[in-house]
Every structure is written in C-alpha cells, then in structure tokens.
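The values are calculated or read from the model by the stated rules, or taken from the named source; none is laboratory data. All figures in this text were calculated on a predicted structure; none of them were measured in a lab. Here the Cβ positions follow ideal geometry from the backbone for every residue, glycine too, while neighbour counts run over all protein chains shown. Heads up: the accessible areas ignore ligands, DNA and RNA and are worked out on the full protein's heavy atoms, side chains in. Shrake-Rupley method; radii C 1.70, N 1.55, O 1.52, S 1.80 Å.
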Amino acid sequence: MARLILLNKPYGVLSQFTGGKEGVDDTLAHLVDVPGVYPAGRLDKDSEGLLLLTDDGRLQSRIAEPRYKLPKTYLVQVEGEVGDEALERLARGVELNDGTTRPARAKRIDPPPLWDRDPPVRYRKSVPDSWIALEITEGRNRQVRRMTAAVGLPTLRLVRWRIGEWSLDGIAPGTSRELQV
C-alpha cells in the first residue's frame with residue numbers, strides 16, 4: 001500500500017524538504033517528519049493549501065503529470081470585481097505567453113471561511129476584492145496567478161483546496177492527514 005499525506009501547506013513554505021535559505025525560507029522538513037515521501041507536484045511559496053506527498057512513484061506521477069488531467073480546485077482572492085466576461089474567458093482558456101490554457105471551471109464565490117493568513121493580504125480601500133473558485137486540469141508554473149492577471153484580476157491570495165478526490169477539509173494550516181491508498 002502506498003502512503004499518501006495530505007498537507008495544508010502554509011504561506012511562505014517551500015514545496016521541498018531541502019534547499020531553503022537558512023533563516024529565510026521554511027521547507028516541508030519543518031512540517032512533515034515522514035521519511036521517504038515526496039511532493040506530488042508543487043505549490044508556490046506564496047500560495048497555500050493542499051500539497052500531496054507520497055512514497056509511490058506511480059501515484060506521484062498520476063497526481064502531478066498534466067497528461068492525467070487530474071482536476072485541481074483553487075480558491076482565489078482577486079483584486080477587483082469578478083464579472084461574467086472574466087469568468088467566461090477563464091472557462092474558455094486564457095492566452096498566456098506559453099500558450100492557451102485548457103478550459104477551466106470558474107465561478108464567483110462568497111469569501112470562504114478560511115484561516116487568517118500570516119502575513120495578512122494587503123487591502124486597498126479604494127479597490128474592491130472578490131473570490132473565485134477555479135478548477136484547472138493542468139499545472140503550469142504560476143498558472144492560476146497568470147490566468148487571473150490575464151483577465152484583469154490580479155491574485156491577492158491563492159489556496160489550493162482540492163486535487164482530484166482529496167481536499168483540505170478538516171486539515172488546519174501546517175498540519176497533515178495520512179491515508180493508505
């Protein structure tokens with residue numbers, strides 16, 4: 001049986017066990033004390049949420065490789081009001097400098113009941129913010145941030161909530177839950 005760890009990666013933590021700058025970068029080594037597991041995919045240092053770790057190479061590939069089209073759902077706080085046109089563009093696929101993204105599922109949502117982020121998101125009194133639930137089936141570098149920027153809605157906060165059948169439900173930031181798969 002393969003081990004699968006569902007980790008709620010906090011903001012500011014690198015998606016790797018080594019290589020951080022001492023005193024500057026935090027790594028997974030501070031959160032997961034399980035030998036022989038590796039991240040199945042990545043989550044940027046300035047993003048939060050679900051990171052899957054496993055000791056099974058085939059499972060890791062099935063989770064991380066874009067060819068398997070495993071859906072990933074993100075809760076995205078953006079600067080500005082989310083309009084129907086922006087949602088339609090995200091749903092059709094957005095032209096980025098490395099090509100057009102696959103179509104996504106995008107919908108406007110109420111602010112989700114998430115934990116406070118440290119450091120807090122910057123707010124501007126003169127510019128409203130809103131939330132989108134965005135489901136994609138690929139994983140390009142900083143893709144969600146680039147997609148929202150391309151439709152005029154810069155990302156303020158990015159939380160990956162779900163990967164395939166696994167979600168963050170009930171997992172606090174910096175903690176994990178282990179499954180046998």
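Points worth noting:
- Note that the range 124-138 has calculated 3J(HN,Hα) couplings of 10, 4, 8, 10, x, 10, 8, 10, 10, 9, 10, 10, 10, 10, 9 Hz, one per residue in order, obtained from phi through the Karplus relation 6.51 cos²θ - 1.76 cosθ + 1.60 (θ = phi - 60°); glycine and proline are x.
- Shape category assigned to the range 26-80 from the gyration tensor of Cα positions, a/c cut at 1.5: oblate
- For ASP84, the accessible surface of its heavy atoms amounts to roughly 90 Å² (probe 1.4 Å, protein chains only, rounded to the nearest 10).
- Database remark: amide H of SER47 closer than 5 angstrom to the amide H of GLY12 (H placed geometrically; neighbours at sequence offset of 5 or more, or on other chains; Pro and chain starts carry no H).
- Each peptide in 152-158, 165-171 gets a packing score, the mean of other Cβ atoms within 10 Å over its residues, and the list from highest to lowest is 152-158, 165-171.
- Gyration tensor verdict on the range 69-155 (Cα atoms; rounded if a/c is under 1.5, prolate if a/b is larger than b/c, oblate otherwise): prolate
- Centre separation in Å (Cα based) which lies between the range 1-59 and the range 98-130: 23
- P(r), alpha carbons of the range 1-96 - 5 Å bins starting at zero, rounded %: 2, 11, 18, 19, 16, 14, 9, 7, 3, 0
- For the chain: accessible area per residue (Å², 1.4 Å): 53
- For ASP129, nonlocal amide neighbours, meaning residues 5 or more places apart or on other chains whose placed amide H falls under 5 Å from its own, are GLY80.
- Principal semi-axes of the equivalent ellipsoid, √(5λ) from the alpha carbon gyration tensor of the range 1-55, are 19, 13, 8 Å from largest down.
- Cross-link reach list, lysines versus LYS72, counting only Cα pairs under 27 Å and skipping chain neighbours closer than eight places: LYS9, LYS45, LYS107
- Highest mean packing first, where packing is the average number of other Cβ atoms within 10 Å per residue, the peptides 5-17, 113-125 line up as 5-17, 113-125.
- Ranking TYR68, LEU43, GLY80 by Cα position along the charge dipole of the range 1-83, where only Lys, Arg, Asp and Glu carry charges on their C-beta atoms, puts TYR68 farthest toward the positive end.
- Built amide H within the under 5 Å cut-off of ASP26, gap 5+: LEU14
- Overall, the anisotropy analysis places the range 97-137 in the prolate class: the square-rooted eigenvalues a ≥ b ≥ c of its C-alpha gyration tensor yield a/c not less than 1.5, with a/b exceeding b/c.
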